[in-house]
Each structure stands twice: as C-alpha cells, then as structure tokens.
1. Looking at the range 35-50, which of its residues are outside any helix (DSSP H, G or I) and free of Cβ contacts under 8 Å to residues at least 40 places away in the same chain?
2. Among 95, 34, 82, 62, which is under 12 Å from the mean Cα position of the chain (by Cα) and on the phi < 0 side of the Ramachandran plot?
3. Please indicate, with yes or no, whether at least one residue in the range 51-72 is free of Cβ contacts under 8 Å to residues at least 24 places away in the same chain, within 26 Å of residue 106 (Cα to Cα) and assigned to a loop (DSSP other than H, G, I, E, B).
4. Identify the residue in the range 1-31 that is free of Cβ contacts under 8 Å to residues at least 40 places away in the same chain, assigned to a loop (DSSP other than H, G, I, E, B) and touching a strand residue (DSSP E or B) at 6+ places or on another chain (Cβ under 8 Å) and, among all such residues, is nearest to residue 105 (Cα to Cα).
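What follows draws every value from the coordinates through simple rules; no lab data is involved. The shown structure was predicted, so the numbers you read here are calculated from the model rather than taken from an experiment. No Cβ is skipped: glycine too gets one built from the backbone with ideal geometry, and neighbour counts run over all protein chains shown.
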C-alpha cells in the first residue's frame, strides 16, 4: 500500500469505530459491531501498523510506541480479558500518532 492508502485505512479505523463500551457484549453478528472495545478492532490496527513499519513509512519513535502497546497488552493478558477504557485510549493515541506521521510524510 502507499501512504495515502494507509492513511485511508487508519482514518477508517479511527472514525468508524465507536469509543463507547456498551453494556452488552458485542459480537461480530451484532447489528452494529463497530466498537473499539472489540478484539476485532485492535487486530487490524496492529497488522496495518506492522505493515507500514515494514515498508519504512513510520518512524523509530512510533515503532517504540507500538512495541510498548504490544508489551502492555501481553503483560495485562489482553487476549483473555475484556477491553478497558485505557486500552481504547492507548489505541486511539497510537492511531493519532500514526495518522499524524503519515500526513506529514504526504506533505514532504
């Protein structure tokens, strides 16, 4: 993918998934399943950031932030626990940083 395609993907993830944590558990077959609290949200965020890093589109600082998020998720057993407000905030911050870097790169 090129820089613009990555930007579109990251903006979609940022803008089309809700930050809310609903009272009921949300499944992929739920009427509206676009919530950042779903594990299915963080997976494409991680995969797309990893891909952009491998293509050399993101900085070493962003790579460090990404690695710190992965380390946090591992040490807090993210796979087996419910998503918290903190998880959503951390993912949003990483998306913001990624989008900002790619936008600046597009202006070069």
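1. Matches in the range 35-50: 35 only.
2. Exactly one of 95, 34, 82, 62 is under 12 Å from the mean Cα position of the chain (by Cα) and on the phi < 0 side of the Ramachandran plot, namely 95.
3. Yes - at least one qualifying residue is present in the range 51-72.
4. Checked the range 1-31; the qualifying residue nearest to residue 105 (Cα to Cα) is 17.
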